Amino acid sequence: MALTRWRMAVGAAAVAAVLVPAAMSWACVAPVSMTIEGNASVQPGGKVTVLLREYAQGAPIEVRLHSPTGPVLGVHPPPTTTMTSEHKLEVTIPPDLPYGTHLLVSTQNYHHMNSGNIGRATVYVGTLPPAPAGPEPRPALLEVGSGPSAVTLTLIALGVAGGLLLLAAVWSMVGSGRRTEPEPQPVKK
Amino acid sequence: MTFRTLMTGAAAVAAAAVAAMSGPAAAQTAMTYKHATFQEQDAKIERLTSAVRMSRDEEAPARGFIGTADMAVHPDNPRIIVGATMDLRSRICYLTVSKDAGRTWNHSKELPGAGPYPYCQNTTAGTPVVSLEWGSNGTLYYARQAYGDGEGPREGKASIMLARTTDLGETWQTTLVENNRGQSGESARTATGVSGLAVDTSGARDVVYVGYSRSHPDAPTGSPLRNPAVMLATSTDGGETFGEPVNLNERSQVNVTIAGQSVPLIMRTGFGAPFMTAHNGTLLVVAGPEFEQGKAPTAPADSGSGGSPGSWFHFALPQLIARSTDQGKTFTISPMSPPRYDGTGATTGLKWTPKGGENGTFVAVHAATPPTSPTSGVADVVVQRSTDDGVTWSEPLAIDDAKPEEFVTSFYPQLNVAPNGRLDAVWQDNRGLADNRYHVRYTYSTDGGQTWAPNVQVSDQPLNFNLGISWNSDLRYPPGVASANQYAAFGWADARLADEVTQSQDNFGSVAQFSPLPTTANTTAPKLAAAFAGLVLAGVVLLVAMQVRRRGGGPAPEPVTRRQATPAR
């Protein structure tokens, strides 16, 4: 697609632009983010560092095992800055945790901004993470109609034919009703 | 929803619940809304397509598209879909167009309103940044924030523009809805938008409503100019000219009772507002609630140490709605919803459908957390309906069918309606996902929002929020949905092509198809041919009938003989 000169000039200048959002408008109504920093594979009893982002200030962040009501593995003190900051917390994986895939869950039980959004991070205890799955296989194209079907066309033809024949029949009946028998001639003796 | 007083009891119950929890060891009890009825609808999804890249026209590695929060199908051609989007890096708004029902997309030949106000990027989040809507006679309206070099979100003095096209963006006409260029002093104003655009096509000329917010960044603290202003500008001549914009917050007289005190509420502008729809002379404008400056009550104990002074974050408050039936001259402003926490924002999808009531139904979808929840962040996408032209609203019901024990956060909903009245709602959620990944989720209703289809995941792979400029800068936007009788098309921001260096962010989209698209082949010729065949058939039958009658006619009549008269003897 051809670009206008104006658009090219704007685009060329803008590519080098660095976006610096206004601090007053950070989205304090976003979902929270909890991920594992570095290697997410760990042995039972080992340590992982969770990276916490988008959490509201003023309330502690609890990191629990498996669910929001699971055992607490660590607590990050209440953030003191806006939601633009990142927080790290080292937690110890229970030594009796069986090998496999497990979830760490973050909670923040307060009424402030997005507090309460559940963060989840996956740890692989004694195992490696699986290869990332690709997109779901789906059809690429949409279904398109094929125009009037054979049945529809047949019905159209029969409908026209039937209509015309009916018309002819009516015409015929009207015509024969108007024709009169000749008067019989008297026979002369 | 009639006017209600905030129940301080609800806040007290929540506070008691939190107090009962002993600090870090306290159990999370997620409270959710009652579910809507989920059942099979009159239409069924026959096909869900793979995702396609909608922003393929832009190859710059640093691209940062925000998704297409506002999308619409051409009223007369279901193959044409348009979407409004923005590139966060270049600060430019685009019109993206598909002419094959969402399989391929291109940016319009000309940018909407390019010229002395080329930029539109702002720092709203969780709401549409740029809005579009079809009007009469194939006119597409596109409203955005507008500024040039030396102006913008940080510098102030941004304006609002309406662009119009009748040729899918080959050419545009523009009108400045609010022009703030060159202003200075304490009363200098700036505008942020556009989260709301509504077009009423019921009259002789389109009535166009543009909703945005205004602020006075240089006004001194304590000045009334510091109060948020939710603005509405009205054009009664198809967008050619606009009247003086109206500040809805100067007309709000909604009060709530908190801790025994009556506290006024106004419409919130933070993160973007308002959200609008118009139908047959009725205009509805929705925004989240806010306290006037200096009048916020003290934050309750359950809001943590970040809660003083109080703000709307700490209280369960109702969503507010303004209703006008005289083209925006006068409004009735009241609570639309019961009190709720909106820890994921106030974005509201608003539409009218002919289904569900004698005069149709206005439908609103927004994310909410019930007032009984011990936190403000785990949210449902809820629906509210009005069958009396927007005067009263039903109780919110969750249209996300996640189970409460899954602790799913559903957020940033959008809504659209097909010509046959089918409602389409789309949002994002983290159902069954971890590691900062999310899906785009969808449901629909063919009975005016009374029942809904079981939810469908329409993104083909999880959105990785760890990559992309939005996820790294906290500027995130809703997915969008466009509705035709035959399908619903979706668009969202997606960083699947990003790496740690580029953080590229594209628009991706897919389609849920209900019925085949009409063929583009000539359908008249086969029908004419069939009719001609019928003609021929009738002629042959008549011919055969005549032949049979001629050959098979009755015995010839006897000749009449006359007797000669005999003379008498």
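The values are calculated or read from the model by the stated rules, or taken from the named source; none is laboratory data. Note that the coordinates shown come from a computational prediction; the quantities given were computed from them, not determined experimentally. A quick note on method: Cβ atoms are made from the backbone with ideal geometry, for glycine too, and the neighbour counts reach across all protein chains shown.
Take the residues in the stretch B:246-271 that are under 20 Å from B:Gly281 (Cβ atoms) and surrounded by fewer than 24 Cβ atoms within 10 Å (Cβ to Cβ), then tell me which one is nearest to the other protein chains (Cβ to nearest Cβ).
B:Val246
Among the listed residues A:Pro79, A:Pro31, which satisfies the condition of being closer than 21 Å to B:Gly343 by Cα, under 27 Å from the mean Cα position of the chain (by Cα) and either modelled with pLDDT of 95 or more or surrounded by 18 or more Cβ atoms within 10 Å (Cβ to Cβ) (or both)?
Answer to the check: A:Pro31.
Of the residues that make up the stretch A:135-142, is at least one touching a Leu at 6+ places or on another chain (Cβ under 7 Å) and surrounded by fewer than 15 Cβ atoms within 10 Å (Cβ to Cβ)?
Looking for residues that are touching a Leu at 6+ places or on another chain (Cβ under 7 Å) and surrounded by fewer than 15 Cβ atoms within 10 Å (Cβ to Cβ), one finds at least one in the stretch A:135-142, hence yes.
Report every pair of residues separated by at least 6 positions or lying on different chains whose Cβ atoms are under 6 Å apart, first residue within the stretch A:151-168 and free of Cβ contacts under 8 Å to residues at least 60 places away in the same chain and among the small types (Gly, Ala, Ser), second in a helix (DSSP H, G or I) and crowded, with 17+ Cβ neighbours inside 10 Å.
From the stretch A:151-168, the pairs are A:Ala157/B:Ala530; A:Ala157/B:Ala533; A:Ala157/B:Gly534; A:Ala161/B:Gly534; A:Ala161/B:Leu537; A:Ala161/B:Ala538.
Among the residues of the stretch B:205-256, count how many are out of contact with any strand residue (DSSP E or B) (no Cβ under 7 Å at 6 or more places or on another chain) and of a type in the set (Val, Ile, Thr).
Of the residues in that region, 1 qualify.
Return the only residue of B:Ala482, B:Ala453 being closer than 18 Å to B:Tyr412 by Cβ and of a type in the set (Gly, Ala, Ser).
Exactly one residue qualifies, and that residue is B:Ala482.
On the basis of being at pLDDT below 95, over 16 Å from B:Gly343 (Cβ atoms) and part of a loop (DSSP other than H, G, I, E, B), does A:Pro95 make the cut?
no
Within the stretch A:115-132, how many residues are within 13 Å of chain B (Cβ to nearest Cβ) and either part of a strand (DSSP E or B) or buried (at least 16 other Cβ atoms within 10 Å of the Cβ) (or both)?
So the answer is 10.
Here is a check on your reading of the model: is A:Pro135 part of a loop (DSSP other than H, G, I, E, B), of a type outside the set (Asp, Glu) and facing another protein chain (nearest Cβ under 7 Å)?
Answer is yes for this residue.
Across the stretch B:492-518, which residue is farthest from B:Gly126 (Cα to Cα) among those that are assigned to a strand (DSSP E or B) and not hydrophobic (A, V, I, L, M, F, W, C)?
B:Gln513
Name the residues in the stretch A:63-92 that are in a strand (DSSP E or B) and of a type outside the set (A, V, I, L, M, F, W, C), would you?
Those that are in a strand (DSSP E or B) and of a type outside the set (A, V, I, L, M, F, W, C): A:Arg64, A:Gly74, A:His76, A:Glu86, A:His87, A:Lys88, A:Glu90, A:Thr92.
Take the residues of the stretch A:66-106 that are among the β-branched types (Val, Ile, Thr) and farther than 16 Å from A:Val48 by Cβ: which is nearest to the other protein chains (Cβ to nearest Cβ)?
Per the criteria, the residue is A:Thr69.
Please state which one of B:Leu537, B:Leu497 is surrounded by 15 or more Cβ atoms within 10 Å (Cβ to Cβ) and farther than 30 Å from A:Ala168 by Cβ.
B:Leu497
If only one of B:Val194, B:Val210, B:Val177, B:Val199 is part of a strand (DSSP E or B) and under 16 Å from B:Cys93 (Cα atoms), which one is it?
B:Val194
The rows are residues; the columns are (1) part of a strand (DSSP E or B); (2) surrounded by fewer than 19 Cβ atoms within 10 Å (Cβ to Cβ); (3) within 13 Å of another protein chain (Cβ to nearest Cβ); (4) within 19 Å of the chain's Cα centre (by Cα).
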residue	(1), (2), (3), (4)
B:Arg79	yes, no, yes, no
B:Ala84	yes, no, no, yes
B:Tyr94	yes, no, yes, yes
B:Asp100	no, yes, yes, no
B:Glu110	no, no, yes, no
B:Gly115	no, yes, yes, no
B:Ala125	no, no, yes, yes
B:Val129	no, no, yes, yes
B:Asn137	no, yes, no, no
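Which one of these does B:Arg205 not meet: (1) among the basic types (Lys, Arg); (2) modelled with pLDDT under 95; (3) more than 24 Å from B:Pro335 (Cα to Cα)?
For B:Arg205, the exception is condition (2).
Modelled with pLDDT of 50 or more, at the interface with chain B (Cβ under 7 Å from one of its Cβ atoms) and not in a strand (DSSP E or B) - does that describe any residue in the stretch A:39-49?
So far as the stretch A:39-49 goes, no, none of its residues is modelled with pLDDT of 50 or more, at the interface with chain B (Cβ under 7 Å from one of its Cβ atoms) and not in a strand (DSSP E or B).
Can you tell me which residue in the stretch B:491-518 is farthest from the other protein chains (Cβ to nearest Cβ), limited to those that are closer than 23 Å to B:Leu95 by Cα and hydroxyl-bearing (Ser, Thr, Tyr)?
The residue in question is B:Ser504.
Taking the stated definitions as given, is A:Ala56 surrounded by 22 or more Cβ atoms within 10 Å (Cβ to Cβ), part of a loop (DSSP other than H, G, I, E, B) and within 11 Å of chain B (Cβ to nearest Cβ)?
yes
Hey, can you tell me all the residues within the stretch B:145-175 that are more than 13 Å from every other protein chain (Cβ to nearest Cβ), of a type in the set (Val, Ile, Thr) and farther than 16 Å from B:Tyr119 by Cα?
B:Thr165, B:Thr166, listed by residue number.
Among the listed residues B:Thr166, B:Thr201, identify the single one that is in contact with a helix residue (DSSP H, G or I) (Cβ under 6 Å, 6 or more places away or on another chain) and surrounded by fewer than 16 Cβ atoms within 10 Å (Cβ to Cβ).
B:Thr166
Please find, among B:Gln461, B:Gln428, B:Gln450, the residue that is within 12 Å of chain A (Cβ to nearest Cβ), more than 18 Å from the chain's Cα centre (by Cα) and either in contact (Cβ under 8 Å) with a residue 40 or more places away in the chain or farther than 30 Å from B:Leu497 by Cα (or both).
B:Gln461
Quickly run through the stretch A:143-169 and pick out the residues that are more than 7 Å from every other protein chain (Cβ to nearest Cβ) and loosely packed, with under 12 Cβ neighbours inside 10 Å.
The answer is A:Ser149, A:Ala150, A:Val151, A:Leu166, A:Leu167.
Hey, which of the strands (runs of 3 or more DSSP E) in the stretch B:346-456, taking only ones fully inside, have at least 1 residues that are in contact with a His (Cβ under 8 Å, 6 or more places away or on another chain), surrounded by 24 or more Cβ atoms within 10 Å (Cβ to Cβ) and at pLDDT 95 or above?
Once the strands (runs of 3 or more DSSP E) in the stretch B:346-456 are filtered for at least 1 residues that are in contact with a His (Cβ under 8 Å, 6 or more places away or on another chain), surrounded by 24 or more Cβ atoms within 10 Å (Cβ to Cβ) and at pLDDT 95 or above, what remains is B:348-353, B:361-368, B:380-386, B:410-417, B:423-429.
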